[in-house]
Amino acid sequence: QSGQHVTDAPPGLSWHQWGEAFDSFWVINGEAEWSTTRKVNGLNGYHVYAEEAEKLGLTAGGLWQRFKDWPHAQLKSERGPQLLFSLTEIDQTMRQRFGS
């Protein structure tokens, strides 16, 4: 399944490439639902997902102040690896992980 394009992060600058983030989608009647406002039984799946992710100690993209990324959850609280590592360290890690 695929939805709207949500990132322009270069390789290594997303927690996805570090194995620290994942995206999920809400399914209604066997189909992906991308609406962050549609409700079923008074609930929106992305809002429930974000609240439950936070309860588990994850960082939910849907609860970010800017650029809400409702399908996204990650282990780290920092928005991206560039806030913890230098570009040289990121490049070295990505080369080790995925080759040059």
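Some points to look at:
- A 1.4 Å probe run over the chain, with the rest of the protein chains in place, finds 69 Å² accessible per residue.
- Percent accessible area from carbon and sulfur atoms, the chain, protein chains only, probe 1.4 Å: 51 percent
- For the pair residue 20 and residue 43 in one chain, pulling the backbone fully straight at 0.36 nm per residue adds 5.5 nm over the alpha carbon distance.
- The Kirkwood radius of the chain, taken over pairs of alpha-carbon atoms, gives through the Stokes-Einstein law at 10 °C and 1.306 mPa s a diffusion coefficient of 107 µm² s⁻¹.
- GNM result for the chain, Cα springs below 10 Å: residue of 36, 88, 59 fluctuating most strongly: 88
- Karplus-derived 3J(HN,Hα) values for segment 89-97, using 6.51 cos²θ - 1.76 cosθ + 1.60 with θ = phi - 60°, are 5, 4, 4, 4, 5, 5, 5, 5, 6 Hz; glycine and proline are entered as x.
- Each listed q (0.13 Å⁻¹) maps to a log10 I(q)/I(0) for segment 53-100 from the Debye sum over equal C-alpha point scatterers, namely -0.41.
- Simple Cβ-charge dipole of the chain, Lys/Arg +1 and Asp/Glu -1, about Cα centre, in debye nearest 20: 100 debye
- Choice from 32, 53, 73 showing the highest fluctuation, given a GNM over the chain with Cα pairs closer than 10 Å: 32
The values are calculated or read from the model by the stated rules, or taken from the named source; none is laboratory data. All figures in this text were calculated on a predicted structure; none of them were measured in a lab. Glycine also receives a Cβ, built like all others from the backbone with ideal geometry; neighbour counts cover every protein chain displayed. What goes into the accessible areas is simple: the full protein's heavy atoms, side chains included, and nothing from ligands, DNA or RNA. Shrake-Rupley method; radii C 1.70, N 1.55, O 1.52, S 1.80 Å.
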